[in-house]
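J.: Dumping the structure here so I can ask a few things about it.
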Amino acid sequence: MNRQELQTAADKARQQHGHYKQKVCVCCGTSCMASNAEQVLQHIQEALKENGLDQEVEANLTGCMGLCNQGPLVKVLPDHTIYQKVTPADADELVKAQFVAKQPLKEMLLFADTRPEPFVNANDDPFFKKQHKIILKDCGVINPEDIEEYLAHDGYQALDKVLTSMLPEEVIAEVKHSRLRGRGGAGYPTGLKWETVYKHVNDQKYVVCNGDEGDPGAFMNRSVLEGNPHSVLEGMMIAGYAIGASKGYAYIRGEYRLAIKRFETAIKQARKMGLLGRQILGSNFSFDVEIRIGAGAFVCGEETALIASIEGRRGTPSPRPPYPAECGLWGKPTLINNVETYANIAPIIRHGGEWFSATGTAKSAGTKVFALAGKIKYSGLIEVPMGTSLREIVYEIGGGIAGDGQFKAAQTGGPSGGCIPEQHLDVGMDYESLMSLGSIMGSGGLIVMDDSSDMVDVARFFMEFCMDESCGKCAPCRVGTKMMHDMLQRIVDGQGTQHDVERLQELALYVKEASLCGLGGSAPNPLLSTLRHFPHEYEQRLVPPHALVATGQTVK
Amino acid sequence: MKRTHGLPYTPMPATDPRVKQLDTRMKKEGYRPDALIEILHAAQNAWGYLPMPVLQHISLRLRIPPARVFSTVTFYHFFSLKSQGEHTCLICTGTACYVKGAQQLLEAVEQTFGVQVGEVSADNKLGVQAARCIGACGLAPAVVLDEEVQAKIDAAGLVAKIKEKLEAI
């Protein structure tokens, strides 16, 4: 395929889909699929046919729309009317009301059961109004299993622009200019990383996409891969061109069956159209991507462990330096970025770095996708500009706490992050502010807890996770997490003493400083942040040492 | 010197279609040792778990020492050396599910069916496992029962569903 053919294909795709007046999007993400979304789609298509509307209205599956709690969701474009909890039996009634009577079904509208006056145009709803979508813009609008729809939505235009009018240095300069930072959690400037790999001269380099979203309570990467796999693929290809790589690997979690399937389909379709392979779009750039399926090890999210796993070995990290940028996959310079980072690339190239950096804060540009879950009224996937306050996310977008409980804490960053208490609700969600509170941005899991959550047990829960997931290579992490877990368990069981708390603090410092990789280095974070923000919960549990002696237990 | 294995090696029956499928897959990957994890995924899909003879077969074909194959298998949570039972009940214990009471689900299943987490019932009918997070946090607490996601389920509902599955045959 050359440039003209790409334009022709895009025009054709636009025409094909543009000829429909309206479009019914049925969310087919993992969550909605679990509640029968496929059957809903089938019934809607049948109902459209029966009413003779199948030439005017297109019905298709799409990726996640964000509100997994209310699924299966059905969205009607261009009105942005969203219906919730649609069952296959509702399909006929819905089609008749929407397209024949042209009166939206009030009782099935999004949030009809929780808001006094649901919105016909869902974009007016606070849940969507506060969001700003770059990565998820086409997610929930286009069919992820069809490359043509992606083409019709400016897909692969950025790749075309890069290949025909930009030098690799210019691509890197543009990414640097956008001030995009790694979305995997650490927030390293992406442009700088690309430049480092670019500068290492080697005949073979690799691009790796980290889709091993191991944190419990996070599903952003899954939703992006399910909802718009081509955007990730395009980002990887542009990265390949910029750093001079000809091969890419996408490492996706084994549990994400649907994401793997959709990404596979995307690769196949791109290959078929000649967008992957040799001499892409008539240029001298050749690139191909392979999928590697993860096998359930949290530590494989660490870059050196991920490389080991791609090479077919145990996923244990190795000391850095040398960094993967210099000596990575099979000893070659390797660029590793998160799924979400790659998904940002195509929009940056299309609209320019300037446009991207206009969103967000001075130090953290752009938007961030969060997986909002836990004791919150409207849980789901949201994308907000960096720096949006936690209060806005929890109370305006998320609708506040579910049930009668009171907000107690929000947990970010999974087992490597920490808890943000109520007094810091106004903190802006960006890398630096979260760091200053002892938490981290992480990949974007955001779990809301109410006053029924026991913070000591939360710390124990995460420590147990780290203990299980520690790969065992270095002693500080292997032994330290186990010891900290046992002490926390004692405190939870009401047998801890002040001595335990002191030792915990001491040990946390050692594990943090001495561990080989980020897993051990951040494992004490949940413990330290709960100790810092909720010290009274620990104090309440402690018993004086002589109380244990009296009951015949020994002081450990 | 002849290499000796700790376990007696029994060649895989070449007539088994699953073996043929696995051999084709290995050939497709060019018998590259770095394809080990991919091959293990394929084998687990075919057998439901990873029986020891299959591991020996893979080790021989990919020319990887059996110890390395074994160490890789035991490193990753996804791979299982034991049969997982005819019906599998995978309870998510991720943070969102934990907050919404996954622990009660685990206890209910353990008490009703007498199967501990990570174990299979004596008649090999039901296997119970706990997942770190299945990424369906909007549906918390979530359980995967025979590849089917059960959303926002409570203890009584889960027990009823499992009973239904067990009595279906």
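J.: Per residue of the range A:18-31, in order, report the coupling 6.51 cos²θ - 1.76 cosθ + 1.60 (Karplus, θ = phi - 60°) as ³J(HN,Hα) in whole Hz, putting x for Gly and Pro.
T.: My calculation for the range A:18-31 gives x, 6, 7, 7, 9, 9, 9, 9, 10, 5, 10, x, 3, 5 Hz in order.
J.: Whole number please: convex hull volume per residue, Cα atoms of chain B, in Å³.
T.: In chain B, the Cα convex hull volume per residue is 141 Å³.
J.: Next question. In 5 Å bins starting at zero, report the fraction of Cα pairs in the range A:259-358 per bin as a rounded %.
T.: 3, 10, 14, 17, 20, 17, 13, 5, 0
J.: Kindly give Rg over Rh for the range A:123-180, based on alpha-carbon atoms, with the Kirkwood expression for the hydrodynamic radius. Before the final figure, lay out the partial values.
T.: Details: Rg = 15.2 Å, Rh = 13.9 Å.
Here Rg/Rh amounts to 1.09.
J.: Rank B:Gln104, B:Val159, B:Ala122 by how far each Cα sits towards the positive end of the charge dipole of the range B:87-167 (+1 on Lys, Arg Cβ; -1 on Asp, Glu Cβ) and give me just the farthest.
T.: Positive-most Cα among the choices belongs to B:Gln104.
J.: Only Lys, Arg, Asp and Glu count, each charged at its Cβ (+1, +1, -1, -1), so figure out the dipole size of the range A:456-550 about its Cα centre, rounded to 20 debye.
T.: Numbers: 9 positive and 12 negative charges, 42 e Å.
Taking the Cα centre of the range A:456-550 as origin, the dipole is about 200 debye.
J.: Based only on other Cβ atoms within 10 Å, what is the fewest-to-most ordering of A:Lys102, A:Lys130, A:Lys199?
T.: In order of increasing Cβ crowding within 10 Å: A:Lys102, A:Lys199, A:Lys130.
J.: What does the average come to when, for each residue of peptide A:291-299, you count the partner chain Cβ atoms lying within 10 Å of its Cβ?
T.: Across the residues of A:291-299, the mean count of other-chain Cβ atoms within 10 Å is 5.
J.: Within the P(r) computed for the range A:114-240, what percentage of the Cα pairs occupies the region above 25 Å?
T.: 39
J.: Check which residues have an amide H placed less than 5 Å from A:Tyr249's amide H, if you skip close sequence neighbours.
T.: A:Val207, A:Val208, A:Cys209, A:Glu290
J.: On to the next question. Using the number of other C-beta atoms within 10 angstrom as an exposure proxy, rank B:Tyr31, A:Tyr323, A:Tyr241, A:Tyr256 with the fewest first.
T.: B:Tyr31, A:Tyr323, A:Tyr241, A:Tyr256
J.: Does anyone have the angle between helix A:498-514 and the longest principal axis of chain A? Alpha-carbon axes, 0 to 90°, nearest 10?
T.: The two axes meet at around 50 degrees.
J.: Taking amide H atoms as placed 1.01 Å from N in the peptide plane, list the residues 5 or more away in sequence, or in a different chain, whose amide H sits under 5 Å from that of A:Ile420.
T.: A:Ala410, A:Gln411, A:Thr412
J.: Convert each backbone phi in the range B:140-153 into a coupling constant with the Karplus relation 6.51 cos²θ - 1.76 cosθ + 1.60 (shift: θ = phi - 60°), then list the ³J(HN,Hα) values in order as whole Hz, x for Gly and Pro.
T.: 4, x, 10, 9, 9, 10, 6, 6, 10, 7, 9, 8, 6, 9
J.: Across the range B:31-40, in residue order, what do the Karplus-derived ³J(HN,Hα) couplings come to in whole Hz, using 6.51 cos²θ - 1.76 cosθ + 1.60 with θ = phi - 60° and x for Gly and Pro?
T.: 6, 6, x, 6, 8, 3, 5, 4, 5, 5
J.: Further question on the same structure: As I understand it, the value is the acute angle between the Cα axis of helix A:37-50 and the longest principal axis of the Cα atoms of chain A; what does it come to in degrees, rounded to 10?
T.: It is inclined by approximately 20 degrees.
J.: Also: With point charges of +1 on the Cβ of Lys and Arg and -1 on the Cβ of Asp and Glu, referenced to the Cα centre of the range B:17-75, which listed residue (B:Ala35, B:Pro17, B:Val69) lies farthest in the positive direction of the dipole?
T.: Working it through, the farthest residue towards the positive pole turns out to be B:Pro17.
J.: If you place +1 on the Cβ of every Lys and Arg, -1 on the Cβ of every Asp and Glu, and leave all else neutral, what size is the dipole of the protein assembly as shown about its Cα centre, to the nearest 20 Debye?
T.: 2180
J.: Quick one: compute the contact order of the range B:1-156, relative version, from alpha carbon pairs under 8 angstrom and 6+ residues apart, as a percent.
T.: Answer for the range B:1-156 is 19 percent.
J.: Can I ask one more? Taking H placed 1.01 Å from N in the peptide plane, check which residues at least 5 places from B:Gly135 or on another chain put their amide H under 5 Å from its amide H.
T.: A:Gly217
J.: Report the one residue of A:Gly360, A:Tyr249, A:Pro333 whose Cα lies farthest in the direction of the positive end of the charge dipole of the range A:212-360 (charges on C-beta: Lys and Arg +1, Asp and Glu -1; origin at the Cα centre).
T.: A:Tyr249
J.: Assuming a ≥ b ≥ c are the square roots of the Cα gyration tensor eigenvalues, decide whether chain A counts as rounded (a/c under 1.5), prolate (otherwise, with a/b larger than b/c) or oblate.
T.: In terms of gyration-tensor shape, oblate.
J.: To continue, here is another question. Could you compute how fast the range A:367-451 diffuses translationally, taking Rh as the Kirkwood radius over C-alpha pairs and applying Stokes-Einstein at 37 °C with viscosity 0.692 mPa s? Give it in µm² per second. Provide the component values of the computation, followed by the final result.
T.: Details: Rh = 12.3 Å.
The calculation lands on 267 µm²/s.
J.: With +1 on each Lys and Arg Cβ and -1 on each Asp and Glu Cβ, and nothing else charged, work out how big the dipole of the range A:379-480 is about its Cα centre, in Debye to the nearest 20.
T.: 440
J.: To continue, here is another question. Quick check on my link table: of A:Lys85/A:Lys137; A:Lys133/A:Lys332; A:Lys377/A:Lys512; A:Lys129/A:Lys375; A:Lys85/A:Lys133; A:Lys261/A:Lys473, which ones sit more than 31 Å apart, alpha carbon to alpha carbon?
T.: On the way: A:Lys85/A:Lys137 23 Å; A:Lys133/A:Lys332 35 Å; A:Lys377/A:Lys512 35 Å; A:Lys129/A:Lys375 22 Å; A:Lys85/A:Lys133 24 Å; A:Lys261/A:Lys473 33 Å.
As for pairs spanning more than 31 Å Cα to Cα, those are A:Lys133/A:Lys332; A:Lys377/A:Lys512; A:Lys261/A:Lys473.
J.: If you don't mind, there's one more thing I want to ask. For the range A:456-550, state the average projected area of the convex hull of the C-alpha atoms over all orientations, rounded to one decimal in nm².
T.: The Cα convex hull of the range A:456-550, projected and averaged over all directions, gives 5.5 nm².
Only the coordinates and a few stated rules stand behind these numbers; no lab work does. The structure displayed is predicted, hence computed values, not measured ones. Note: ideal-geometry Cβ built from the backbone for every residue, glycine included; neighbour counts use all protein chains shown.
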